[in-house]
Amino acid sequence: MEPIAPPSWEQWSKRSPGVWRYRELLPVPRGAVPISLGEGATPLTRLNRIEELRGVSVFAKNEGVNPTGSFKDRGMTVAVTLARSIGARAVIVASTGNTASSAAAYAVRAGMKVVIVVPRGKIALGKLAQSILYGAVIVEVEGSFDKALEAVMEATRRNRQLYPLNSFNPWRLEGQKTIAFEIVEQLGFVPDWVVVPVGNAGNISAIWKGFRELHRYGLIDRLPRLAGIQASGAAPLASAWRKGLREPVVFEHPETVATAIRIGKPINWPKALRAVEESNGVFIDVSDEEILSAQRLLARREGIAVEPASAASLAGLLRLVGDGFIERGETVVIVLTGHGLKDPDAMMKADTIRLIARNPEEASRIVSRLGAPSES
Ligand code: F0G
C-alpha cells in the first residue's frame, strides 16, 4: 500500500504528538482504530555535561519513556492495529525481552492472546517481569535469540492462526520509522549523525526509511549519516564492515552484558547494510566495559537511566569522537532505546557507596559525618 502524500509540518504540528500524528505515512487501512497506549512523543534531550564529547553537539532521543519502556511500542502499535484489522486472535514473538513485553501489552489491549519465545536465562529481569504481569504465555528456549526466532518462524508456518510480530513483519518497522520524523520535528533540522544500537537490525533500517520518506516528500533536503553500534561479543555486522564483507559474520554463540542486542544472525541485515552504506555511515562494535561505563556516564552526568543496549549508543559515539570520525561542531542524535529499569542486575553492577547503620542514632552520626558532597 503506497502511503499518500503527507501534510505539511505546520499541519502535523497541530495534531497531538506521538506515532499516530503521522498516520498518512503509516500503512493502516482507513477507518482502522489504532490500538494505542500513547507511544512516541519521547523527549529529545541535549547532553551538556559529558566533556568527553569534545564540542560535538549531542541530543539523546529517550525511547525509554515509551509505555512499556522501549522504542518497540512504536512498531507494536502499528503491527497490532494491522493484526487486529485482519482478524488475528493470537500473536507470537521471539525476543530478547523488549519486543516481548511490548507485544504482550498491545495484545492485551487488542483482546488477543500472546505467546513469547525468549532465550532462557538471558532476558533482563524487568522485561520478564513485565511479560509475566501482562499475562503472556512464556516459552523459554536454550541458546540465543536466534534459536527463539527459528522456533517462531517454524511455529507460524505450522499454525497460521499465530500472527508473527517479529521485525521480519514490515509493519513493526513502519511504526519505528517515526523516530526519524520526531527527530527532525524536535530538532528543527536534520542532524549530521544518528547513532543506533543494532541487534536484529530492524530499528536502524526503520529509521533510515523514515528519513528517506521525509526526503522523498520534500520535507527535508538532506540526510543524516548512520552509525550502527554492536556489542563486541555479538557483532555480526560490525565484523563484516571491518572486513569489507557484504554479508554478516554469524556469531553462533553471541555473548554480551547488553542482552537486548545479544544476537548473532540479524534477520534484517540486508536492509541495515544498505541503510548504512547509502548514508555513508559506519558499523562499529564496543566492549561490555565501554557499554557499562557509558551507562554510568549517562546516569551520573545527565540523569538518564538506560539499559546496557542503549548505552551502546553513547559508547559508540565516544569511540567515534575519540577516533576523530565525528568532529567538533557536528550535531549527533543518539537513540536511547530502552529504560534503565528494564535491567536491574545491570544497574546493580555500578560502583556505589552504601553504608549500613544498625539504628537511627548510628544513621544520623554517619550522615552528619559525610558533610557536603565534593564536586565531581
Ligand atoms: N536496544 C534495545 C533496548 C533493544 O531491545 C533492541 C532489540 C535493540 C536496541 C536493537 O534493535 O533489533 O531493531 O536492531 N531488541 C529486540 C527484542 C531484539 O527482542 O526486544 P534491533
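The values are calculated or read from the model by the stated rules, or taken from the named source; none is laboratory data. The shown structure was predicted, so the numbers you read here are calculated from the model rather than taken from an experiment. Note: ideal-geometry Cβ built from the backbone for every residue, glycine included; neighbour counts use all protein chains shown.
Need at least 1 residues that are crowded, with 24+ Cβ neighbours inside 10 Å and in contact with a Phe, Trp or Tyr (Cβ under 8 Å, 6 or more places away or on another chain) per element, so show me which helices (runs of 4 or more DSSP H) inside the range 1-111 make the cut, counting only ones lying wholly within it.
Where helices (runs of 4 or more DSSP H) fall fully within the range 1-111 and carry at least 1 residues being crowded, with 24+ Cβ neighbours inside 10 Å and in contact with a Phe, Trp or Tyr (Cβ under 8 Å, 6 or more places away or on another chain), they are 72-85, 98-110.
Kindly provide the set of residues from the range 230-250 that are free of Cβ contacts under 8 Å to residues at least 24 places away in the same chain and hydrophobic (A, V, I, L, M, F, W, C), ordered by number.
L245, V249, V250
Would you tally the residues in the range 178-207 being in contact with a helix residue (DSSP H, G or I) (Cβ under 9 Å, 6 or more places away or on another chain) and either polar (S, T, N, Q) or within 12 Å of the ligand (Cβ to nearest atom) (or both)?
Total satisfying the criteria: 15.
Confirm whether N166 is surrounded by 23 or more Cβ atoms within 10 Å (Cβ to Cβ) and either of a type in the set (S, T, Y) or over 25 Å from V137 (Cα atoms) (or both).
Criteria not met by N166.
Among the numbered conditions (1) near the ligand (Cβ under 10 Å from one of its atoms); (2) touching an Asp or Glu at 6+ places or on another chain (Cβ under 7 Å); (3) within 20 Å of G175 (Cβ to Cβ), tell me where V93 comes up short.
Here V93 clears every test but (2).
If we only count strands (runs of 3 or more DSSP E) wholly inside the range 142-244, which ones have 2 or more residues that are under 30 Å from S13 (Cβ atoms)?
193-197, 225-231
Scan the range 323-343 for residues that are more than 16 Å from the ligand (Cβ to nearest atom) and either free of Cβ contacts under 8 Å to residues at least 40 places away in the same chain or under 29 Å from K127 (Cβ atoms) (or both) and jot them down.
Of everything in the range 323-343, those that are more than 16 Å from the ligand (Cβ to nearest atom) and either free of Cβ contacts under 8 Å to residues at least 40 places away in the same chain or under 29 Å from K127 (Cβ atoms) (or both) turn out to be D323, G324, V332.
Within the range 183-193, is even one residue at pLDDT 95 or above, closer than 20 Å to V286 by Cα and surrounded by 19 or more Cβ atoms within 10 Å (Cβ to Cβ)?
yes
Condition check ((1) in a helix (DSSP H, G or I); (2) closer than 27 Å to G281 by Cβ; (3) touching a strand residue (DSSP E or B) at 6+ places or on another chain (Cβ under 8 Å)) across all residues:
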site	(1), (2), (3)
L314	yes, yes, yes
R319	yes, yes, yes
G324	no, yes, no
V335	no, yes, yes
T352	no, no, no
L355	no, no, no
A363	yes, no, no
R369	yes, no, no
